[in-house]
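Structure record follows, encoded as structure tokens.
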Amino acid sequence: MPAVDEIQESEKLFVPRGRHKIEIVKSTTDVSLAPNYTLPEVAFIGTSNVGKSSLIKALFNKVPNIERSRLVRVSSTPGHTKTMNFFQVGQAFSLVDMPGYGINQPQSFVEMVEGYLKNRKNLCKTFVLLDGEAGLSHWDKIAIKMMEEFGRPYVLVMTKIDKMLDAEKLRSVVGVKNLRDRLSSSCCFPQPFLVSSLTCEGIGLVQCYIAYVTGNIRLQSL
């Protein structure tokens, strides 16, 4: 567990100041048109109703006027994100909001996402979001197996935990760990993150982990 001062230091990366700007630099369905920079990158992917945009908004919740800005758009319609949206966070790292998978996924999803995961050299970690309230879906299992097949490092994030009882949280975490163990995963971070975009529970830990995997902070506990 990171120390309080490490979490606070990491949080600063998610707040614009001076030349440290936070902005969307590209939205595209074509991997070849992705920004050509060497910044360490993290990607967020999940089902079309997992709350991915809400989580990204929570990560950047201290960006001034985020409700009116075009930085993060949260829609009530599942599957709103149809493109890969690239956020540049100063010169620290970039973050990619991937289209949601499942019933509402865009037609170009497989080509787009597989092309990105296979070829994006500066990708440090993929955050695979799971709906904590609904539990592991068929689509989630396909996504996790895809990450294993490509050999890409990833971490599992359970969303909407504010809607779950403690017993449900425990049952979901055990289910996720059992799946990971069955895959004998060497790519998955051993500890899933539990988050709520509504209460911001767990958001500081995700911010800290992003800062760590992108090389922007050293953690004494890891």
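Points to keep in mind about this one:
Quick grid of which residues meet (1) among the small types (Gly, Ala, Ser); (2) touching a Leu at 6+ places or on another chain (Cβ under 7 Å); (3) surrounded by 16 or more Cβ atoms within 10 Å (Cβ to Cβ):
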{"residue": "Arg180", "(1), (2), (3)": "no, no, yes"}
{"residue": "Ser184", "(1), (2), (3)": "yes, no, no"}
{"residue": "Gln191", "(1), (2), (3)": "no, no, no"}
{"residue": "Thr199", "(1), (2), (3)": "no, no, no"}
{"residue": "Gly204", "(1), (2), (3)": "yes, no, yes"}
{"residue": "Ile210", "(1), (2), (3)": "no, no, yes"}
{"residue": "Val213", "(1), (2), (3)": "no, no, yes"}
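- Selection count where residues are within 23 Å of Ala211 (Cα to Cα) and out of contact with any strand residue (DSSP E or B) (no Cβ under 8 Å at 6 or more places or on another chain), scope the range 119-164: 3
- Ile66 being modelled with pLDDT of 80 or more, part of a loop (DSSP other than H, G, I, E, B) and open to solvent by 10 Å² or more (accessible area, probe 1.4 Å): no
- For the range 121-133, the tally of residues that are more than 14 Å from the chain's Cα centre (by Cα) and either closer than 14 Å to Thr28 by Cα or surrounded by 22 or more Cβ atoms within 10 Å (Cβ to Cβ) (or both) stands at 1.
- Count - residues of the range 8-22 that are open to solvent by 90 Å² or more (accessible area, probe 1.4 Å) and outside any helix (DSSP H, G or I): 3
The values are calculated or read from the model by the stated rules, or taken from the named source; none is laboratory data. Owing to the predicted nature of the structure, the values given are computational and were not obtained by experimental measurement. We place every Cβ from the backbone using ideal geometry, glycine too, and count neighbours over all the protein chains shown. We work out accessible area using only protein heavy atoms, side chains counted, and drop any ligands, DNA or RNA first. Shrake-Rupley method; radii C 1.70, N 1.55, O 1.52, S 1.80 Å.
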